[in-house]
Amino acid sequence: MSEELTTRASGKTVAAVVIAVLAWASAFVVIRDVGHAISPAPMTLLRLAVAGVALTVPVVARHRGAVRLSRKSLLLVVIYAVVWLVAYTIAINAAEQHVDAGTTALLVNIAPLLVAFGAGMFLGEGYPRALIGGGVVALAGVAIISLGGVAHRDWIGVVLSVAAAVLYAGGVLVQKVALRSINEFVVIWLGCLIGTVVLLPWAPQLAGELAAASPGEITGAVYLGLCPTALGFTAWAYALRRMNAGRLTVTTYAIPAVSVLISWLALDEIPTVFGLVGGVICLIGIAISRRTPAAGTRTGRVLFGRRRGRRRETSPQPCTGMAAGGGRRG
């Protein structure tokens, strides 16, 4: 893949990023709305099960047979599934029982800076000044918005949100490595299936809570599986295969602004002055981070996989061991 596509992104990649941001922003609001009826772990189980079923159709249609993975690839998917799809999602579900949707989204968005530093250290993506500077500015916006809500909320929710951010960052870095050899549909699909299996002990509790939930609450929980998980995570994986992890993740600073807006319209959670000012600063930070780094930017050490050069990523290679008809897109 050319450096131009990696740094500036193609039209399809930009569209995938927009889809992921909108889907994930809506998730914060829906979780807040249905979280009182369905507990964190059961809600995650339903969400991953619905997404796994929904993604089975495109995966089967694309590969037409069994998908075989190396042990290393399967291990990466398992780690990614447990860290991001399971642990992160449960933390988010639990956090939103203590803080509002906008504040949760804001606190989770310390993750992009963690990903930027992690990608520079472990994936050899370096530390472009524009990326780090823009991330710091956006994080300052997050802090300003949080001033309008955290003081009046449960600090347990704050801790859970920050823990979710750490899990999110770890999940992105592991997923980035996995996507070097596995198609994005397969990564998300297998991740959802693995996550569903891990959460099966909560199936009885889920059945009981669904029996007592209203049709609207059940619909909201199913929406979480179809849109933010199946669609959102697949769109994200598509973009992550084609962009540097640090540069892509900084774009998620737009999620708090969108989430606050949706919360305002759907849940009557009126944004504060802090929220409006901080949201603008977040967007400014994103704009700064999107500047093309100057020539000569140094890369960090590569601890996972070979160095891919300064901000360059070669075109994804076919997945070794994949069944006939199951090749992946370049």
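Here is a list: A203, A239. Which entry is in contact with a Ser or Thr (Cβ under 6 Å, 6 or more places away or on another chain) and among the aliphatic types (A, V, I, L, M)? Spell out the reasoning first.
Details: A203 fails: in contact with a Ser or Thr (Cβ under 6 Å, 6 or more places away or on another chain).
Every option except A239 fails the conditions.
Here are some residues: T56, T44. Which one is crowded, with 22+ Cβ neighbours inside 10 Å, over 20 Å from L240 (Cβ atoms) and either at pLDDT below 90 or in contact with a helix residue (DSSP H, G or I) (Cβ under 8 Å, 6 or more places away or on another chain) (or both)?
Details: T56 fails: crowded, with 22+ Cβ neighbours inside 10 Å.
Exactly one of T56, T44 is crowded, with 22+ Cβ neighbours inside 10 Å, over 20 Å from L240 (Cβ atoms) and either at pLDDT below 90 or in contact with a helix residue (DSSP H, G or I) (Cβ under 8 Å, 6 or more places away or on another chain) (or both), namely T44.
In the range 85-117, which residues are assigned to a loop (DSSP other than H, G, I, E, B), touching a residue at least 60 places away in the same chain (Cβ under 8 Å) and among the aliphatic types (A, V, I, L, M)? Explain how you work it out, then say what you get.
Kept after step one, since they are assigned to a loop (DSSP other than H, G, I, E, B), are these residues of the range 85-117: 96-100, 109-110.
Add one more test, that the residue is touching a residue at least 60 places away in the same chain (Cβ under 8 Å), and what stays is 96-100, 109.
V99, the sole residue that qualifies.
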Q: Please identify the pairs in which a residue from the range 239-254 that is within 18 Å of F185 (Cβ to Cβ) has its Cβ atom under 8 Å from the Cβ atom of a residue that is outside any helix (DSSP H, G or I) and modelled with pLDDT of 85 or more, counting only partners at least 6 apart or on another chain.
A: L240/L179; R241/L179
Q: Considering only residues that are small (G, A, S) and more than 17 Å from A91 (Cβ to Cβ), look in the range 164-181 and name the one that is surrounded by the most Cβ atoms within 10 Å (Cβ to Cβ).
A: A178
(Q) On the basis of being at pLDDT 90 or above, on the phi < 0 side of the Ramachandran plot and not in a loop (DSSP other than H, G, I, E, B), does I79 make the cut? (A) yes
Q.
List the residue pairs whose Cβ atoms are under 7 Å apart, where the first residue sits in the range 186-209 and is polar (S, T, N, Q), the second is surrounded by 14 or more Cβ atoms within 10 Å (Cβ to Cβ) and assigned to a helix (DSSP H, G or I), and the two are 6 or more positions apart or on different chains.
A. T196/L45; T196/L48; T196/A49; T196/G52; Q205/P42
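Looking only at helices (runs of 4 or more DSSP H) that lie completely in the range 124-242, which have at least 1 residues being at pLDDT 95 or above, touching a Lys or Arg at 6+ places or on another chain (Cβ under 9 Å) and not polar (S, T, N, Q)? Quick ask: steps written out before the conclusion?
Working: elements: 129-147, 155-178, 184-198, 203-212, 215-224, 232-242.
Passing ranges, in order: 184-198, 215-224.
So is G133 buried (at least 22 other Cβ atoms within 10 Å of the Cβ) and either in contact with a Ser or Thr (Cβ under 7 Å, 6 or more places away or on another chain) or in contact (Cβ under 8 Å) with a residue 40 or more places away in the chain (or both) or not?
Numbers: buried (at least 22 other Cβ atoms within 10 Å of the Cβ): no; either in contact with a Ser or Thr (Cβ under 7 Å, 6 or more places away or on another chain) or in contact (Cβ under 8 Å) with a residue 40 or more places away in the chain (or both): yes.
So G133 fails the test.
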**Q.** Set V136, V142, V172, V159: member being within 15 Å of the chain's Cα centre (by Cα) and not aromatic (F, W, Y)
**A.** V172
Q: Give me a count of the residues in the range 201-222 that are closer than 22 Å to V57 by Cα and surrounded by fewer than 19 Cβ atoms within 10 Å (Cβ to Cβ).
A: 2
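From the residues in the range 179-236 that are of a type in the set (F, W, Y) and under 18 Å from L55 (Cα atoms), which one is farthest from the chain's Cα centre (by Cα)? It would help to see each step written out before you state the result.
Within the range 179-236, the first condition is being of a type in the set (F, W, Y), and the residues that meet it are 185, 189, 202, 223, 233, 236.
Adding the requirement that they be under 18 Å from L55 (Cα atoms) leaves 185, 189, 223, 233, 236.
Numbers: F185: 15, W189: 15, Y223: 16, F233: 6, W236: 7 Å.
Once the filter is applied, the top-ranked residue is Y223.
The values are calculated or read from the model by the stated rules, or taken from the named source; none is laboratory data. Bear in mind that the values here come from a model prediction, so they are computed numbers and not experimental data. Virtual Cβ from ideal backbone geometry, glycine too; neighbours counted across all protein chains shown.
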